[in-house]
Amino acid sequence: KLMHRQRDQMVMEGGILRRVFGIGPKVGGLPGSKLVHPFSMFHQAITAFMAMMLGYSSIISTFIIGFSFYQDPCIRSMFLEFDMFVDTCFMVEIIYTFFVGRYQDGFYLDSLRYVWKQYLWEGFLFDCVTSVPVSFFEYQTIQECLAGNDAPENSRGLRFIRMLKPLKLFKILRILKLGKALEIFKAIPDRLKIPTYITRLSKIIFSSLLLVHVCACLWWLVKTTFSDDEKINQFMISRGSDLGDLVLWDQYVTSFYFVNTIFYTVGFGDVVGTNNAEMLFCTFLFYLSALVFGTLLAEVQDALG
């Protein structure tokens, strides 16, 4: 409520800096600010945009790790150009965060020194680790390949960097926990007059699909790590795949289907773990799915109640 009230005041009062960025002297109930105000139109738009970029990156990065981890680094990803744009946004966001005011115990603080100190202490390192520009390393490797240079020495580096990208999943959770993205998107169903139970059910479904997607990608990574190519091909043929151009899609559908049968206690038995690593990972999924299934039932009952 405080955010909406102060944001509305910013829109109505002051010049362009106050209206858009929240920068300006104290006016009425609005605190003075020398930095971008966290309730300003500009910051809210940036937060919503970065939340969408984080969602995209989290989905695509887990897919790349799960299904292209052992792919020849000289093969160009269909997402490369957009990934470069997204990675650039993440790096720019780090710099931008140094110039956004903060609320501490209900008091607004716009001291540049305080903001820098708090960000360096609380989230700067984490943001740097989760914003490694993987796509730029991929682009450089592809350029070397096009120049006629094989790049086996870069493949390990690429794998390590790709492993860092799923850390953005934790950043999404952090944004939701702090209420940044949640407050922005919460206003949408209110303005559209969407019933609360539909909003909550949609959130439950989206969260479930995201978790199943991540687990499906990780399961395939385990399978390809501990099985040779011949066994993988035999497995896909047994699932009806012709190993053609759509084999990647066949692999993902199979993984997504298998993890769903575990999470929702169906267990047809047509897909099973075939080595110790797969069986251990499936055991982990059993325990995880029990927690998720119980939580889903409680959330659905609460939303409909």
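Mind checking whether some residue in segment 120-130 is assigned to a helix (DSSP H, G or I) and surrounded by 15 or more Cβ atoms within 10 Å (Cβ to Cβ)? Walk me through it before giving the result.
Our first condition is that a residue be assigned to a helix (DSSP H, G or I); within segment 120-130, this holds for 120-122, 124-129.
Next cut, surrounded by 15 or more Cβ atoms within 10 Å (Cβ to Cβ) only: 124, 127.
Yes: segment 120-130 contains one or more residues that are assigned to a helix (DSSP H, G or I) and surrounded by 15 or more Cβ atoms within 10 Å (Cβ to Cβ).
When segment 26-74 is filtered for residues that are at pLDDT below 80 and part of a loop (DSSP other than H, G, I, E, B), the ones remaining, listed by number, are K26, G28, G29, P31, G32, F69, Y70, Q71, D72, P73, C74.
Of all residues being assigned to a helix (DSSP H, G or I) and under 30 Å from Y56 (Cα atoms) in segment 97-116, which is nearest to the chain's Cα centre (by Cα)? Just the residue, please. Break it down stepwise before answering.
Here is the first cut: in segment 97-116, the ones assigned to a helix (DSSP H, G or I) are 97, 112-116.
With the extra rule that they be under 30 Å from Y56 (Cα atoms), the set shrinks to 97, 115-116.
On the way: T97: 19, V115: 25, W116: 25 Å.
For segment 97-116, the residue satisfying everything is T97.
Would segment 81-96 turn up any residue that is part of a loop (DSSP other than H, G, I, E, B) and farther than 20 Å from C145 by Cα? The answer is no; no qualifying residue exists.
Among the residues of segment 7-15, is there at least one that is at pLDDT 80 or above and in a helix (DSSP H, G or I)?
No, the conditions are met nowhere in segment 7-15.
With a requirement of 2 or more residues that are in contact (Cβ under 8 Å) with a residue 60 or more places away in the chain and among the β-branched types (V, I, T), the helices (runs of 4 or more DSSP H) lying completely within segment 192-305 that satisfy it span 196-225, 276-304.
Just to verify a result, which residue in segment 257-279, among those that are open to solvent by 60 Å² or more (accessible area, probe 1.4 Å) and under 26 Å from the mean Cα position of the chain (by Cα), is nearest to V222 (Cα to Cα)?
Looking only at segment 257-279, we keep the residues that are open to solvent by 60 Å² or more (accessible area, probe 1.4 Å), and these are 257, 264-266, 268, 270, 272, 274, 276, 279.
With the extra rule that they be under 26 Å from the mean Cα position of the chain (by Cα), the set shrinks to 257, 264.
Values: Y257: 16, Y264: 21 Å.
For segment 257-279, the residue satisfying everything is Y257.
Counting just the residues of segment 280-295 that are surrounded by 13 or more Cβ atoms within 10 Å (Cβ to Cβ) and β-branched (V, I, T), which one comes out nearest to M236 (Cα to Cα)? Step by step, filter segment 280-295, then rank; the result is V292. Would you be able to say whether some residue in segment 92-102 is open to solvent by 30 Å² or more (accessible area, probe 1.4 Å), of a type in the set (S, T, N, Q) and either free of Cβ contacts under 8 Å to residues at least 40 places away in the same chain or touching a strand residue (DSSP E or B) at 6+ places or on another chain (Cβ under 9 Å) (or both)? Scanning segment 92-102, I find at least one residue that is open to solvent by 30 Å² or more (accessible area, probe 1.4 Å), of a type in the set (S, T, N, Q) and either free of Cβ contacts under 8 Å to residues at least 40 places away in the same chain or touching a strand residue (DSSP E or B) at 6+ places or on another chain (Cβ under 9 Å) (or both), so the answer is yes. Filtered by the rule that a residue be under 19 Å from the mean Cα position of the chain (by Cα), farther than 15 Å from F263 by Cα and at pLDDT 70 or above, segment 186-215 gives S202, K203. The number of residues in segment 56-88 being open to solvent by less than 20 Å² (accessible area, probe 1.4 Å), of a type outside the set (S, T, Y) and closer than 26 Å to V100 by Cα comes to 3.
Residue check: Y287 meets all listed conditions (1) under 17 Å from K223 (Cα atoms); (2) modelled with pLDDT of 90 or more but one, namely (1).
The values are calculated or read from the model by the stated rules, or taken from the named source; none is laboratory data. What you see is a predicted model, and the numbers here were worked out from it, not measured in a lab. Ideal geometry is used to build each Cβ from the backbone, glycine not excepted, and the neighbour counts take in all protein chains shown. Quick note on the areas: whole protein, heavy atoms, side chains included, nothing else; ligands and nucleic acids left out. Shrake-Rupley method; radii C 1.70, N 1.55, O 1.52, S 1.80 Å.
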